[in-house]
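To start, the structure under review is shown below, and the notes come after it.
The values are calculated or read from the model by the stated rules, or taken from the named source; none is laboratory data. In this text the structure is predicted, and so the values were computed from the model without any measurement. We place every Cβ from the backbone using ideal geometry, glycine too, and count neighbours over all the protein chains shown. Just so you know, the surface numbers come from the protein's heavy atoms only, side chains and all, with ligands and any DNA or RNA stripped out. Shrake-Rupley method; radii C 1.70, N 1.55, O 1.52, S 1.80 Å.
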Amino acid sequence: MKRKLTAIAIAAAMMLGGFTGCGFQKEDGATLELSMENSWHIDKTLKSVTHDPHFAVGTHILCSRVLPNGGGTEYCWYDLETQLGTRFKPQCTKEIEPLERVNSDPIEFSDGTFGIVCMIYQGKGGGEFDIHRRCMEVYDADLNLLETRELPHQMFGDDYFRPKDTFADKDGNWYVMRADESTNYEQMIHSYNSDFQLYGRAEPPSDMFNYMFATADGTVYASYLQYDNAGGAYEKLYKLDAVNHSAEPTSLTLESAYGYMMGTNGYDFYYQTQYGIFGVKGEETTQVVNWINSDLMNVYTCIPVDDGTFVVNDNSGYWHLTPRTQEEIDSIQTITLAAVDLDTSLLGTVMNYNREETGYRILVKDYGEYDTPDEPHKGYEVMKEDMMNGIIADMICADGQNFESLAGKGLFADWYELMDADPEFNREDYFQNFFEAYEYKDKLLRLGVSHEIMTGIAKTEYVGTAQGLSLGEQLDIPLQEGMDRWIYSPAETLADAWMRNFQTGTINRETAECYFDSPDFVKLLEELNRIPREDDFYLTMNDNYGENYKTNWTEDRVLFNEIPLGDNPIGIRSIRRYYFGDADITLTGFPMVQVENMDRGNGGVLDAWFTVSINAQSVEKEKIWDFMKYLLSEEYQKKVSLPVHRGALEFQIEQAEHNVNFTAFGQMFVGALEPWESDILRDYIEGVRTCSYYDYRVHDILLEEAEKMLAGDQTPQECAAMMQSRVSLYLSEQS
């Protein structure tokens, strides 16, 4: 999640490979070796199918869609080999009277057949219906109708048939997971014999089971979500017994799953997580597919095919996964990329690059996988330890930790040298201040390609026209009666956010000096100390924030609005119109402490979605530069948040100036971006001199001291002195 001025950043850990060898081995350069293990080919499939896929039977995928105007359900029998589909409807629904309605859903069996359960409703008039008939048609893998079975009403009552909550075992017994009003359980598993007569009910350990699924040999399991002492989630599996209507715990404990599927290729079953597909055989669990190594992310549907392949669905469509050969893996040259909680936009670009099959692949190591509830920053620690030990990727995203301590050890190459050596690249096409803000000792050792500018905005009548107001100046502006300076939260919440955000401008990256004992920062701590705590915040503070949020500024209940400029150029207009109406506004800048001989520019703070550094010893610099040059190209830059390419920004502004109607914050605005607003945006971008600063270790130190102050153990002045002492010591140790 992107960092905001008053938001607590939340990292979403992604998944990645281990250290167990890779394809093409480098003799020199990057020493972080990553594995292409569990890397699969992906090819587009189900291209022209408008139906939703359910499961595979043989080499076919069964798909369905609900037809409009009460036309029932239409199925598509899609052949993965020919890429052709056959449409059909269940036999029992072909001659339905006009006043009747039909719903149908498929169910998968472990013997290679499948059923379609049809619910036929008799019209009563006035738009009301009664269930007239329930039946199940059973088909084989060649789409031959084997039998039609009537289903008794009591099996489902008035509920719809839910295929994910209904399974049959190898003996023909049935299990239905549904609510039981006679108990306190939200979900119970009702078991039936092959004639659909009720055996009994299996109770969950507490409340409800999470999933129910059948294995390749016809055993049915239910999973129950549990939590360990550190807050981590895992699934405990229970084996279902229809005859004894019981759910017996097994020794299988798996990480929290997104779903379970019947096994193929000798596996009892598969389960899907954020990392990939895992196969279970007996007591052994094996990762079968790694999403990242297969150029996939945000996978929703996952369907095993009988030949051991898979069909999956992500944001870009359906893909057929087939395994790579070891010979193919060994022939691929690799570039490694290391990060902690890799930005999803960069990850998506990496995957698109890999899909081009250029002979090179970027392999990713996300150290966020080491984080735990007890050690939320473990990934940073492991990553830095690796780098200090010479285990370094070709490309590094070192955001979130003390970058200068790494840069000072000569680990990174200068992007300027690569730019200037390329006759096709012209630095004058870019905002130079976007590069300069990230310089370290006149070298560009990390590079951002998509940004926001963090700043403040307020009515000119209260703050004047001066930009770049310091933290102290913003705190000294007198407030009108009933006005708050910022939108406040309970002091405990603000402490966490402010100790993250106010590192920017309070630490000098070049000299490793800090100014937490400055008068400006002491004033901030005094402000924090005056804010009510969690227990009584909503009883004592202005309670108008949530009633009509946008009127907090138009009706002068709040002075400053802290905003990120950059989602698109129209944002400056939508923010002004939405929060301030037609009032004159001033971009006051991010509130930084006042320090002599530090150029704060107009107070705007450049915040890159991610930055990339290049290993000084990498032998793949030329290929890496080709990749980064694509990210800096005008065409790519047109699509990013706030581009560094001048032409791309002008393209975005031109689009905004011709966009007559636009929606922002759920409200329709009339009127395109006006030229004077475009000029404000251009001028403000040119005046930015500072980039954001965040070090998780500094955040921990500041928060510890702030919490002592809020507990009454020290005054704001004492708190500031302790922060200054501890952070100064930490920075000196890092430099």
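Okay, residues lined up against (1) more than 27 Å from the chain's Cα centre (by Cα); (2) of a type in the set (Ser, Thr, Tyr); (3) farther than 26 Å from Ile701 by Cβ; (4) outside any helix (DSSP H, G or I):
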{"site": "Met454", "(1), (2), (3), (4)": "no, no, no, yes"}
{"site": "Ala458", "(1), (2), (3), (4)": "yes, no, yes, yes"}
{"site": "Thr465", "(1), (2), (3), (4)": "yes, yes, yes, yes"}
{"site": "Gln480", "(1), (2), (3), (4)": "yes, no, yes, yes"}
{"site": "Ala495", "(1), (2), (3), (4)": "no, no, no, no"}
{"site": "Gln503", "(1), (2), (3), (4)": "no, no, no, yes"}
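A single entry from Tyr270, Tyr300 fulfils the requirement of being part of a loop (DSSP other than H, G, I, E, B) and more than 22 Å from Glu356 (Cβ to Cβ): Tyr300.
Matching residues to (1) over 19 Å from Met419 (Cβ atoms); (2) at pLDDT 95 or above; (3) polar (S, T, N, Q); (4) out of contact with any helix residue (DSSP H, G or I) (no Cβ under 9 Å at 6 or more places or on another chain):
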site: Trp625; (1), (2), (3), (4): no, yes, no, no
site: Met628; (1), (2), (3), (4): no, yes, no, no
site: Lys638; (1), (2), (3), (4): yes, no, no, no
site: Ser641; (1), (2), (3), (4): yes, no, yes, no
site: Val644; (1), (2), (3), (4): no, yes, no, no
site: His658; (1), (2), (3), (4): yes, no, no, yes
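Considering region 360-414, the residues that are within 19 Å of the chain's Cα centre (by Cα) and among the β-branched types (Val, Ile, Thr) include one that is nearest to Ser331 (Cα to Cα), namely Val364. The residues of region 57-93 that are closer than 15 Å to Asp142 by Cβ, assigned to a strand (DSSP E or B), under 34 Å from the mean Cα position of the chain (by Cα) and of a type in the set (Ser, Thr, Tyr), listed by number, are Tyr75, Tyr78.
Restricting Ile107, Ile61 to those that are in contact (Cβ under 8 Å) with a residue 40 or more places away in the chain, touching a helix residue (DSSP H, G or I) at 6+ places or on another chain (Cβ under 6 Å), among the aliphatic types (A, V, I, L, M) and crowded, with 21+ Cβ neighbours inside 10 Å reduces the list to Ile107.
Checking the stated criteria, Phe425 turns out to be at pLDDT 95 or above, aromatic (Phe, Trp, Tyr) and not in a helix (DSSP H, G or I).
Among the strands (runs of 3 or more DSSP E) confined to region 114-184, the ones with at least 1 residues that are open to solvent by 30 Å² or more (accessible area, probe 1.4 Å) and modelled with pLDDT under 75 are located at 114-125, 128-139. Within region 193-249, the set of residues being over 16 Å from Phe269 (Cβ atoms), small (Gly, Ala, Ser), open to solvent by less than 10 Å² (accessible area, probe 1.4 Å) and not in a strand (DSSP E or B) comprises Ala242 only.
Within region 360-381, residues that are modelled with pLDDT of 90 or more and of a type in the set (Asp, Glu) have Cβ atoms under 6 Å from residues that are crowded, with 19+ Cβ neighbours inside 10 Å and in a loop (DSSP other than H, G, I, E, B) in these pairs: Asp366/Met14; Asp366/Leu16; Asp366/Leu342, counting only partners at least 6 apart in sequence or on another chain. Where strands (runs of 3 or more DSSP E) fall entirely within region 517-636, those with at least 3 residues that are touching a residue at least 12 places away in the same chain (Cβ under 8 Å) and aliphatic (A, V, I, L, M) are at 605-608. For beta carbons closer than 9 Å, sequence separation of 6+ or different chains, a first residue in region 695-720 that is closer than 16 Å to Glu513 by Cα and a second that is aromatic (Phe, Trp, Tyr) and assigned to a helix (DSSP H, G or I), the qualifying pairs are Asp695/Phe403; Asp695/Tyr730; Arg697/Tyr380; Arg697/Tyr730; Val698/Tyr730; Ile701/Tyr730; Leu702/Trp498; Ala720/Phe521.
Residues that are surrounded by fewer than 22 Cβ atoms within 10 Å (Cβ to Cβ), hydroxyl-bearing (Ser, Thr, Tyr) and either at pLDDT below 95 or within 18 Å of Gly601 (Cα to Cα) (or both) within region 451-472 comprise Thr465, Ser470, listed in sequence order. Every condition in (1) at pLDDT below 95; (2) of a type in the set (Ser, Thr, Tyr); (3) crowded, with 17+ Cβ neighbours inside 10 Å is met by Tyr515 except one, and the failing one is (1).
Tyr260: in a strand (DSSP E or B), surrounded by fewer than 17 Cβ atoms within 10 Å (Cβ to Cβ) and of a type in the set (Phe, Trp, Tyr), yes or no? In short, no. Has region 271-280 got any residue that is surrounded by 20 or more Cβ atoms within 10 Å (Cβ to Cβ), of a type in the set (S, T, N, Q) and without any contact (Cβ under 8 Å) to a residue 60 or more places away in the chain? Yes, that holds for at least one residue.
Pairs are defined by a Cβ separation below 8 Å, a sequence spacing of at least 6 or placement on different chains, a first member in region 462-481 that is closer than 11 Å to Gln594 by Cα, and a second member that is assigned to a helix (DSSP H, G or I) and open to solvent by 70 Å² or more (accessible area, probe 1.4 Å); the pairs so defined are Gly472/Pro519.
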